[in-house]
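Input: a single structure, listed below in structure tokens.
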Amino acid sequence: MIVGVPKEVKDHETRVGLVPSGATALREAGHRVLVETRAGAGSSITDQEYADAGAEILSSAAEVWQKADLVVKVKEPQPSEYPYLRPGLILFTYLHLAPLPELTRKLLDSRVNAVAYETIREPDGSLPLLTPMSEVAGRMAVQVGAQYLEAPNGGRGILLGGVPGVAPANVVIIGGGVVGHQAAKMAVGLGAHVTIIDRNMDRLRQLDDIYSSQVVTLASNSLTIRDTLRLADLVIGAVLIPGASAPKLVRRDMIDRMKKGAVMVDVAIDQGGCFETSHATTHTDPVYVVDGVLHYCVTNMPAAVPHTSTFGLTNATFPYLAQLCGKGLERACEENPALCQGVNTYAGYITYPGVAESQGVGWKELTSVM
């Protein structure tokens, strides 16, 4: 297999899809690794490190895409990369196609076999390639929220942990999964008053056992969310339906009743966001204001800490990449049901139901078109 590692082109995206240790392992297994020059620079990985690991350094993205059998990335292809898509190419990356019908159509028209990190699901229900970036994003959400609560950044001028004699900030986390748990860990550590809202009572019991009296856990419904948001200084949206559009749990009328200068961080924005007022932003222009409330909706939050994120991500992705390279897509999917669930498009068909349902189109079982 010829594996291509292009430099990411999304706004402020400085992660990279493969690290030198992975390149060495692939080379030792008999594969060829092509890395675009400076692909790892944003993650503090030099071309020389890749070369020492046995990779070939190419001068342009076009060369990498054209020569590779499999392209491993971090983020979904951007419009400037669409011309590189071609029949039979295996693309292994985060895709988050549900809110991206244009990209979905490009993948279908070009007959790319696209494997999405975020929908690879193990038999126990875990999402192993989404987990590491959810951990980063959950922890970052509190840091970012604390920053934008500061008055010079447009916030209410609230110190997250307060000080003796002054109450801490009220942090509301909607969703108690990996993102919500990591956000709670950070917020509790900084001394905030933390409320976690989730519809899964067993998950709320787990979080209650973990944090005891340090957090308040509430069963999710529209009235609870509305009442809790009125007192919130920082709201973190941490809702996930794998591969499908996130539900809009926070409506516009709820935001109108919130404190002016409060901050909302929508970590679900990759899947369309869980706030009705959310729209995707970038690290270059990360926030906007609706009804006096700051919204931070950056679709690639972990790119702000690329060194940590790259190594955390590739620790998780590499075993699956090695299977794809060693066995080919079809055999790897036959032998590993988790990988099979990761295939979102194959030979011109949508093969993941969550994507099709979100876009109102049809889909095919992967086994019926392979």
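Values computed for the structure shown
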{"read-out": "Cα gyration tensor shape for the range 204-283, rounded if a/c is under 1.5, else prolate or oblate", "value": "oblate"}
{"read-out": "Unit charges on C-beta of K, R, D, E only; dipole of the range 1-74, Debye", "value": "140 debye"}
{"read-out": "The range 134-184 - Rg (one decimal) and Dmax (whole number), Cα, Å", "value": "11.9, 35"}
{"read-out": "For the chain: accessible area per residue (Å², 1.4 Å)", "value": "40 Å²"}
{"read-out": "Cα centroid of the range 181-256 to Cα centroid of the range 49-90, whole Å", "value": "39 Å"}
{"read-out": "Cysteines without a disulfide-compatible neighbour (Cβ-Cβ under 4.7 Å), the chain", "value": "Cys274, Cys297, Cys325"}
{"read-out": "Mean separation of Cα contacts under 8 Å (6+ apart) over length of the range 173-259, as relative contact order %", "value": "32 percent"}
{"read-out": "Shape call, the range 103-210: gyration tensor on alpha carbons, a/c limit 1.5", "value": "oblate"}
{"read-out": "For the range 1-93: relative contact order, % (alpha-carbon pairs under 8 angstrom, 6 or more apart)", "value": "36 percent"}
{"read-out": "For the chain, with +1 on Lys and Arg beta carbons and -1 on Asp and Glu, the positive-most of Gly243, Ala53, Cys325 along the dipole", "value": "Gly243"}
{"read-out": "Protein accessible area in the chain, 1.4 Å probe - carbon and sulfur %", "value": "51 percent"}
{"read-out": "Helix 201-211 vs. the chain, principal-axis angle (Cα, 0 to 90°, nearest 10)", "value": "80 degrees"}
{"read-out": "Shape category assigned to the range 285-361 from the gyration tensor of Cα positions, a/c cut at 1.5", "value": "oblate"}
{"read-out": "Share, in percent, of DSSP beta bridges within the chain that are antiparallel, nearest 5", "value": "20 percent"}
{"read-out": "Relative contact order %, the chain, counting alpha carbon pairs below 8 Å whose residues are six or more apart", "value": "18 percent"}
{"read-out": "Residue pairs, from the table Lys73/Lys106; Lys106/Lys248; Lys10/Lys185; Lys7/Lys364; Lys7/Lys75; Lys75/Lys327, whose Cα atoms sit over 22 Å apart", "value": "Lys106/Lys248; Lys10/Lys185; Lys7/Lys364; Lys75/Lys327"}
{"read-out": "Convex hull volume per residue for the range 156-311, taking Cα atoms only, in Å³", "value": "125 Å³"}
{"read-out": "For the range 212-354, size of Cβ-based charge dipole, Lys and Arg +1, Asp and Glu -1, in debye", "value": "260 debye"}
{"read-out": "Matching label, Rg/Rh (Cα atoms, Kirkwood Rh) computed from the structure shown, candidates (1) 1.01; (2) 0.99; (3) 0.93", "value": "(2)"}
{"read-out": "Cut-off 15 Å between beta-carbons: net charge of the residues surrounding Asn170, Lys and Arg +1, Asp and Glu -1", "value": "+4"}
{"read-out": "Local electrostatic count at Trp363 - Lys and Arg +1, Asp and Glu -1, tallied over other residues with Cβ under 15 Å", "value": "0"}
{"read-out": "The chain: angle of helix 306-335 to the longest principal axis, Cα-based, in degrees nearest 10", "value": "50 degrees"}
{"read-out": "Mean residue ellipticity (222 nm) of the chain, computed from DSSP H runs ≥ 4 via -39,500 (n - 2.57), nearest 500", "value": "-10500 deg cm²/dmol"}
{"read-out": "Between helix 178-189 and the chain: long-axis angle, C-alpha atoms, 0 to 90°, nearest 10", "value": "50 degrees"}
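The values are calculated or read from the model by the stated rules, or taken from the named source; none is laboratory data. No experiment lies behind these values; they were computed from the predicted model shown. So basically every Cβ, Gly included, is an ideal-geometry build from the backbone, and we count neighbours across all protein chains shown. Side chains are part of the model used for accessible areas, which takes the heavy atoms of the whole protein and leaves out ligands, DNA and RNA. Shrake-Rupley method; radii C 1.70, N 1.55, O 1.52, S 1.80 Å.
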